[in-house]
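Comments concern the structure below.
The values are calculated or read from the model by the stated rules, or taken from the named source; none is laboratory data. Treat the numbers as computed from the prediction; the structure is a model and nothing was measured. Cβ: placed from backbone, ideal geometry, glycine included. Neighbour counts: every protein chain shown. Note: areas computed on protein heavy atoms with side chains; ligands, DNA, RNA excluded. Shrake-Rupley method; radii C 1.70, N 1.55, O 1.52, S 1.80 Å.
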Amino acid sequence: MSENPKHSLPSYLDAKHLGPWGVYLEQVERVTPYLGKLSKWVETLKRPKRALIVDVPVELDDGTIAHFEGYRVQHNTSRGPGKGGVRFHQDVTLSEVMALSAWMSVKAAAVNLPFGGAKGGVRLDPHNYSKAELERITRRYTSEIGVIIGPNKDIPAPDVNTNAQTMAWMMDTYSMNEGATATGVVTGKPISLGGSLGRVEATGRGVYVVGCEAARDAGIPINGARIVIQGFGNVGGTAARLFHDAGAKVIAVQDHTGSIHNANGLDIPAVQAYALEHDGIAGVANAEVIAPEDFWTLETELLIPAALESQINKDNADSIRAKVVIEGANGPTTPEADDILVSKGTLVVPDVLANAGGVTVSYFEWVQDFSSFFWNEAEINHRLEAIMRSAYSSVSAVAAEHKVSQRTAAFITACTRILEAREVRGLYP
Ligand code: NAD
């Protein structure tokens, strides 16, 4: 072990260009004082258990050969097999995949799922390749990382620019190589291949459940509460619909096509139908168009960022007038903005808790695949709600005990669970 663990870095990282991994290390620094005797194991959290870089050579449709860089990182598997998505994006780097894998360890432990954290990625812009090329890239990437994934080892899932079809190709490739159909090697699969009911809406439903819990703690009745949502896709759209159905007023929505507002509440089913048809909300009836900068200053009870990273930052955090922020997106609030919101008394439910509904139903999918016995949607939603409520309640208890934000409390809860497992397992040999 290094003499100064704070500055201990794996030699394959450049200390001057840590990127997202640097943000994650800072978060670990913040929770270390709360880990008591377990802090002797904290170095475990600062190094991924395993990081695999693979070359993915593929013949393109025009007959040329292209080489893509692929990664699979298993950050920690103390509590169970690795779990985390596969991202196809031109900006994928080792640092990014490492950080995303670590945040998966934290997310799984914060919600108390029996998983560790992992993540994968291929550095390419998928929009530049045909479906047949993407299938060959996915299959070769799966074969290359096949040495470390498996239903009991590490279970990939969709992430940015990958979907149920990508998972079907991964499952098929892994199964062909193993000589046996292994549905449990990936989650987020099509229903016809052992996918789970309720998976598509799971993240938005989880956002809704913890949103209701946080509103109750802040003394806000959901019926009539004002809600502002950035992002109207899988997460934001589902959350909007559930809050709308519960009697809340979704007064503003922003997506990549614009920002719309109606002080009396938007007709969410109508906006959803319009957005589906027009690939965005711009031009919908019964709503005024507002400037993007005005969107963030709207007075509201709940604000739900459910689009991209770093949307709440030092430039707009001061003008935010929401009582509660529920982070549907991953990393929507920068660390500086987080400090500003906390100092203003805004209740922020962090991403590792608020958007954990997706990985929770992925866990259900994995369990169902193992038993080859599938649950109905009502049962899945019921179990999801129970897990999200219980996670919210344990994180809130830790926040109250240490007088810290929910983000720090979620990290304390998760890191304690991971390091307890690390300690009782002991070192091998
Ligand atoms: P999605 O692609 O379905 O929707 C993204 C939405 O963001 C779209 O409405 C899009 O118009 C909007 N958007 C894009 N660029 C924007 C911009 N510049 N300004 C405003 N809006 C913009 O994606 P999703 O699955 O809903 O994911 C949203 C976030 O939630 C991401 O951070 C993702 O990592 C996170 N997340 C998703 C899941 C899941 O299960 N889908 C799970 C955990 C976390």
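General observations
- Filter result for residue 260 (among the aliphatic types (A, V, I, L, M), under 15 Å from residue 231 (Cα atoms), crowded, with 21+ Cβ neighbours inside 10 Å and touching an Asp or Glu at 6+ places or on another chain (Cβ under 6 Å)): no
- Output for region 229-245, where each listed residue is within 12 Å of the ligand (Cβ to nearest atom) and touching a strand residue (DSSP E or B) at 6+ places or on another chain (Cβ under 7 Å): 229, 230, 231, 232, 236, 239, 240
- A search for C-beta distances below 7 Å between a residue of region 17-29 that is among the acidic types (Asp, Glu) and any residue that is open to solvent by 50 Å² or more (accessible area, probe 1.4 Å) and part of a helix (DSSP H, G or I), counting only pairs 6+ apart in sequence or on different chains, returns 26/335; 29/6.
- Among (1) among the aliphatic types (A, V, I, L, M); (2) away from the ligand (no atom under 13 Å from the Cβ); (3) open to solvent by 50 Å² or more (accessible area, probe 1.4 Å), the one test that residue 308 misses: (2)
- Screening residue 381 with (1) under 24 Å from the mean Cα position of the chain (by Cα); (2) farther than 27 Å from residue 194 by Cβ gives one miss only, at (2).
- Unique match (being away from the ligand (no atom under 14 Å from the Cβ), modelled with pLDDT of 95 or more and in contact with a Phe, Trp or Tyr (Cβ under 8 Å, 6 or more places away or on another chain)) among 384, 353, 302: 302
- Looking only at region 311-343, residues that are buried (at least 21 other Cβ atoms within 10 Å of the Cβ), part of a loop (DSSP other than H, G, I, E, B) and among the charged types (D, E, K, R) come to 1 in all.
- Near pairs, Cβ below 9 angstrom, 6+ apart or cross-chain, from region 183-196 (farther than 16 Å from residue 149 by Cβ and without any contact (Cβ under 8 Å) to a residue 60 or more places away in the chain) to any residue that is within 16 Å of the ligand (Cβ to nearest atom) and not aliphatic (A, V, I, L, M): 190/165; 191/199
- Residue within region 212-219 that is within 11 Å of the ligand (Cβ to nearest atom) and either open to solvent by less than 10 Å² (accessible area, probe 1.4 Å) or among the β-branched types (Val, Ile, Thr) (or both) present: no
- Contacts under 7 angstrom Cβ, first residue in region 296-316 being among the small types (Gly, Ala, Ser), partner open to solvent by less than 50 Å² (accessible area, probe 1.4 Å) and more than 13 Å from the ligand (Cβ to nearest atom), 6 or more apart: 310/334
- Of all the numbered requirements in (1) open to solvent by less than 10 Å² (accessible area, probe 1.4 Å); (2) modelled with pLDDT of 95 or more; (3) not assigned by TED's automatic domain parsing to the domain that holds residue 139, residue 21 misses one, and that requirement is (2).
- Complete set of residues in region 280-295 that are within 26 Å of the chain's Cα centre (by Cα) and away from the ligand (no atom under 11 Å from the Cβ): 293
- Filter result for the condition that a residue is over 14 Å from residue 213 (Cα atoms) and open to solvent by 30 Å² or more (accessible area, probe 1.4 Å), over 367, 361: 367
- Within region 147-190, tally of residues that are of a type in the set (D, E, K, R) and within 16 Å of the ligand (Cβ to nearest atom): 2
- Failed item, numbered, when residue 223 is tested on (1) more than 9 Å from the ligand (Cβ to nearest atom); (2) in a helix (DSSP H, G or I); (3) farther than 15 Å from residue 354 by Cα: (2)
- Residue in region 191-211 that is closer than 27 Å to residue 114 by Cβ, away from the ligand (no atom under 16 Å from the Cβ), in contact with an Asp or Glu (Cβ under 7 Å, 6 or more places away or on another chain) and assigned by TED's automatic domain parsing to the domain that holds residue 126 present: no
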